[in-house]
1. With N set to the number of residues, divide the alpha-carbon radius of gyration of region 97-160 by 2.2 N^0.38 Å and report two decimals.
2. Given 0.36 nm per residue, what is the gain on full extension from H295 to L105 after removing their alpha carbon distance, in nm?
3. Tell me, what are the semi-axes, in whole angstrom and largest first, of the equivalent ellipsoid of region 239-342 as set by the roots of 5 times the Cα gyration tensor eigenvalues?
4. Given DSSP loops and a limit of at most 11 other Cβ atoms within 10 Å, what is the longest stretch of the chain that contains no such trypsin sites (Lys or Arg not before Pro)?
5. According to a simple spin-label model (label point 7 Å from Cα along Cα-to-Cβ), what is the distance in nm between S278 and T246?
6. Bins of 10 Å, beginning at zero and ending with the bin holding the largest distance: percent of Cα pairs per bin for the chain, please.
7. With no solvent and one equal point scatterer placed on each C-alpha of region 104-236, evaluate the Debye formula and give log10 I(q)/I(0) for q = 0.14, 0.18, 0.22 Å⁻¹, two decimals.
8. Starting from the Cα of A263, move 7 Å in the Cα-to-Cβ direction to define the label point; list residues of region 287-303 whose amide nitrogen is under 20 Å from there.
Amino acid sequence: MQKKLIALAVAGLVAAPAMAQSNVTIYGLVDVGVSHRSDNITPGVGSKFSVDSGLQSGNRLGFKGTEDLGNGLKAGFVLETGFGIEEPGFRNGSPLFGRQAFVTLSGGFGTLAVGRVYTPQYNLLLSVDPFEFGLVGKMNNLYETDDRVDNTVAYISPSFSGLTVTAAYVNNLSGAETAGNDNDVRVFALSPVYKNGPILLGLNYHKIDPQAAGRPSQDVWDLAGSYDFGVAKVAAAYGYREVNATDERNSWMLGVTVPVSGAGRVLASYNYTKLDVSGTSVDPKATQWAIGYVHDLSKRTNLYVAYADISNKKGETKSVGDSSNGGAGYQKGFNIGIRHKF
């Protein structure tokens, strides 16, 4: 109740009409820990030890609300910003609400969302990665993903016996207006996902189409799934990215999550990526193995520890980042810390 009263007061400072919201909530997450990284790609660079925030999940502060419009229709919004606590300040490339910012209209037809949102690819792969795109073990250290996009119109269908379909269109202006609108980058995305009981199976396709001459287009395919056996949840993903019909990147992940003593989970994964470069036999590739443990102290607070090791070959330059911090060229990484949601 206190959160809702505070949220309504904040909304009132922004704009008086916001007080008409039937439900507004403040939510967030604070995550901090220590990291150690070693084995840098650049010769002579020593290991790194640091206190960092946002290791398992990016720190965030958000506002979300819904209003019942009647006749089965609801309007909603999400405004979410990232921040650091070891060096306080905003993150994610925007001074405010750089994580998510969108409005929705939902009903029996599904949900229509407009604004800055996560891509269908991100949502699908996040659901199968044992590390959930966090800690040094995250699969997208190797597996290239397109995470958030501005200027998006997205449609999410109702569930048809567990099957939902997401379609999205982006006309993302990446710079100032120019003749021919050649700063525009258009993205088309389609992602059917089936989820029923222990089974999850999903497909994603999206095309990135820059309008400027000479900038390569990209076609991206992803197939991912998981099955929860109770004693363990196994997951796999395969991705194919074609850049301008010449270079091709193939990536895959195998992962497992094992419940331990009711309050803990052991996480493990193995990742592989290879870039086939047109006109050359030197094709960069990398592998990563990772292991971690998450222990729930409550429904909102957990402790975590993780270790990952990347092996780069033939000029590949992948490194062990985490949810909020880049890997800085290091190929081995360790995290330990605490995360609290509110």
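1. 1.27
2. Numbers: separation 190, 0.36 × 190 = 68.40 nm, distance 3.71 nm.
Length difference between fully extended and current span is 64.7 nm.
3. Ellipsoid half-lengths, sorted descending, are 33, 14, 12 Å.
4. Details: sites that count: K299, R300.
Longest stretch, sites excluded: 1-298.
5. Calculated label separation equals 0.5 nm.
6. Percent of pairs per bin, in order: 5, 21, 32, 29, 11, 2, 0.
7. Taking Cα atoms of region 104-236 as identical point scatterers yields -0.72, -1.06, -1.33.
8. Answer for region 287-303: 292-303.
The values are calculated or read from the model by the stated rules, or taken from the named source; none is laboratory data. As the structure is a computational prediction, the values presented were derived from the model and not from experiment. Don't worry about glycine lacking a Cβ; one is built from the backbone with ideal geometry, like all the others, and counts go over all protein chains shown. Heavy atoms of the whole protein, side chains included, go into the accessibility calculation; ligands, DNA and RNA do not. Shrake-Rupley method; radii C 1.70, N 1.55, O 1.52, S 1.80 Å.
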